[in-house]
Every structure is written in structure tokens, then in C-alpha cells.
Amino acid sequence: MGLLVDGQWHDQWYDTDKSGGKFEREAARFRNWVTHDGSPGPDGEGGFKAESGRYHLYVSMACPWAHRTLIFRKLKGLEKHVSASVVHPDMMENGWEFRPDSEPHRDHLHGFRFMHQVYTKAAPGYSGRVTVPVLWDKEKQTIASNESAEIIRMFNSAFNELDGVRSDLDFCPEELQGEIERVNARVYDTVNNGVYKAGFATAQDKYEDAYKALFDSLDWLEERLSGQRYLVGGQLTEADWRLFTTLIRFDAVYFGHFKCNRQRITDFPALSAYVRDLYQVHGVAETVDIGQIKRHYYVSQRTINPTQIVPVGPELDFDAPHGRERLS
Ligand SMILES: N[C@@H](CCC(=O)N[C@@H](CS)C(=O)NCC(=O)O)C(=O)O
């Protein structure tokens, strides 16, 4: 695990000294928008047109942020238009790696060994963290975006005119956008990023702050989802998929490894049925790999788990009936 400084790789863990033991996530740097006609997006440069075969998605099956993009690629019918490569789950001294002789973990586009080479190909003097997901533009030979929240918005609407794309599926309808963003803001800060703030804290009080905010939000979500099937507007939206990728990892990883252990998701009746409901949406199960998820966190994060032992449990059954149709 490390980062690039002026295009050179440095192996180092997150620096929490400057923030009194608090984990602070760095903002993504490549923020262009792919649009249906190549016109500029909300705050990006223009010229990134949604075309079949032009973009390549780099992901990790372990990463909750990359997982969002895989779900949107699958559900929107983008697999034949946007190619993808999956890094190896072990993220060690060289950061995310490819395994050239292993089909599932090859870099199909560049044949690179390390993810940081993708970043320096786009920007030779890049300084910053080397994160997934990355949406690579084969035409401009650069990173179009490395911000999952924006990549899923692009996948949701920019490619709608291409053959076979599910233009009827809109996970962010305009009339719901305000409420989706209100829910996203709390879920991002206290749940998606909240588990990391608990797990990566290096001071007791910072861990406890994150733990409290996380479980306050899970109580709020449990109550909200007891009376309605989905988070916003009676239909599946982006807000659900953004919450899902954290919940599905929770009992296997965050509960133990990140010390988020007041309760498991299994102990929340509504939240646990909700995760199963989303998992059972056609195509979603193929984007979930609990083996790679556990392997990544327990082996790569040696500061937290020096023995690198991967726990065998817990037993999880996301295929069990969820019974939430009655809330529709
Ligand atoms: N803002 C980014 C965050 C992505 C992110 O932090 N990904 C993690 C994997 S779960 C990563 O690649 N971390 C490597 C690092 O921080 O060095 C997004 O949502 O796309």
C-alpha cells in the first residue's frame, strides 16, 4: 500500500498523525464526465463521448467503491460496451497489482503489472493515491474518471443510446435526485466511509466517534427500511446501490476487522432482509465475491491484521427469502 509522489511509487500506510488519529479520505483527481454527445458535464472537460468500446473499467472485486460501478455496468447492460479488468485482491507494497499469467487478474488493455502504471501513463508526474475504480479512455489515452460516485452517474444515463443498454432503468430520476443526495450524504459520511473511519483510526476517541455515527445511521436506516422497501421514492435508486456495497461486506469484514461490532447486519431484521432483496436482483450476485473481499482486507491491511489470517466464517446466506415484496 502506498502512493505516487511526482510519478514515483512510495510504499507507505495512511498518515493519520496530521489529523490526530483520524482517517481522512483523499478526494479523487480525475473528474471528467462522459456524456452522450461529448459535451462537458457538470464540472468537467468536454470531449468524453459515450461510445461503444471506447472505455475500460479497472476494478477490484473487494472494493466497495468499485463494486458500485460493476453493479451499474451489469444492470444497465454495459458489459459489451465497457470492457473491464479486475486487480488481484492482495494490495501490498506495490499497491493494486495485476497478475499477467492469471486470466481473471490480467490488465487486458496495457499488460501492466501494477495499477500505478495506469496512473502514470495518464499523468507521468502524478502525485496522490492510486485507487480503483478507474474509467480509462482508450481514445484520449487517459483516465476519464477515478470517482465512483460520478462513474455510476455516467453509466446511469450517458450510454443510453447504445445498442442493448437499459435506457428504461433510471437509478437517479430527476424528481428524486434531491432526496437521493440527502440520503447519500449521510450514508457516505457515516456508513460507506464511516466503517473506514472506524477501522483506520489510530486514536481511541476517533474510532469511537466513527463507531457511534455509524450505528446511529444504521438505526436510522433500519427504521426507514422497516416501513418501505427501498430508501427513496418506492423504487430502486442509486442510494440503495451505494448502501448495498457496504452492507454486503459488513458481517464478513467490517464487524470484526474494522471493529464495527455493536451488531451485525444479520441482527437488524429490516437491513438484513433488504441486503438479500438487493442481492437477489438479477445479475447482482455475479458482482459479489465474498472470498476476494475477505482476502483483500485481512491480508492487505497488515497494520490492522499482522498475522494475515483470513477468518473462515461467518456463514452468510444472501439467497434466503427476504419477504420484502409486501412493502412494494
Ligand atoms: N473516491 C474514490 C475512492 C476509491 C478508493 O478509495 N478505493 C480504494 C479501494 S476500496 C483504493 O483503491 N485504495 C487504495 C489507496 O487508498 O491507496 C471512489 O469512490 O471512487
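The values are calculated or read from the model by the stated rules, or taken from the named source; none is laboratory data. Given the structure is predicted, the values throughout are model-derived calculations rather than measurements. Note that we place each Cβ from the backbone using ideal geometry, even for glycine, and neighbour counts take in every protein chain shown.
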Any chance HIS296 is buried (at least 22 other Cβ atoms within 10 Å of the Cβ), at pLDDT 95 or above and over 30 Å from ASP170 (Cβ atoms): yes
Out of the residues in segment 136-164 that are surrounded by 20 or more Cβ atoms within 10 Å (Cβ to Cβ) and β-branched (Val, Ile, Thr), state the one that is farthest from LEU221 (Cα to Cα). ILE143
Return yes or no: is LEU221 more than 23 Å from LYS74 (Cα to Cα) and either in contact with a Cys (Cβ under 9 Å, 6 or more places away or on another chain) or not assigned by TED's automatic domain parsing to the domain that holds GLY77 (or both)? yes
Restricting to segment 7-45, name every residue that is of a type in the set (Val, Ile, Thr) and at pLDDT below 95. THR16
Just to be sure I understand, how many residues within segment 248-293 are surrounded by fewer than 18 Cβ atoms within 10 Å (Cβ to Cβ) and of a type in the set (Val, Ile, Thr)? 3
Let me spell it out: the conditions are (1) out of contact with any strand residue (DSSP E or B) (no Cβ under 8 Å at 6 or more places or on another chain); (2) aliphatic (A, V, I, L, M); (3) closer than 27 Å to TRP13 by Cα, and MET115 meets all of them except one. Which number is the exception? (1)
Looking only at segment 129-146, filter to residues that are near the ligand (Cβ under 9 Å from one of its atoms) and assigned to a strand (DSSP E or B); which one of those is farthest from VAL87 (Cα to Cα)? SER145
Can you find, within segment 182-204, the residue that is farthest from SER300 (Cα to Cα) among those that are surrounded by fewer than 19 Cβ atoms within 10 Å (Cβ to Cβ) and of a type in the set (Lys, Arg)? ARG182
Look through SER127, SER145 and report the one residue that is polar (S, T, N, Q) and under 30 Å from GLY233 (Cα atoms). SER145
Please identify the pairs in which a residue from segment 55-81 that is among the β-branched types (Val, Ile, Thr) has its Cβ atom under 6 Å from the Cβ atom of a residue that is near the ligand (Cβ under 9 Å from one of its atoms), counting only partners at least 6 apart or on another chain. VAL59/ALA66; VAL59/VAL132; VAL59/PRO133; THR69/PRO133; THR69/SER148; THR69/ILE151
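Inside segment 179-217, can you point out the residues that are of a type in the set (Phe, Trp, Tyr) and more than 11 Å from CYS260 (Cβ to Cβ)? Talk me through it step by step, then tell me what you get.
Taking segment 179-217 first, the residues of a type in the set (Phe, Trp, Tyr) are 188, 196, 200, 207, 211, 215.
If the condition is that a residue be of a type in the set (Phe, Trp, Tyr) and more than 11 Å from CYS260 (Cβ to Cβ), then TYR188, PHE200 are the ones that fit.
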Inside segment 199-249, the number of residues satisfying the requirement of being charged (D, E, K, R) and under 14 Å from ALA270 (Cβ atoms) is 6
For segment 147-227, list the helices (runs of 4 or more DSSP H) that sit wholly inside it and hold at least 2 residues that are within 19 Å of VAL34 (Cβ to Cβ) and in contact with a helix residue (DSSP H, G or I) (Cβ under 7 Å, 6 or more places away or on another chain); which are they? 148-157
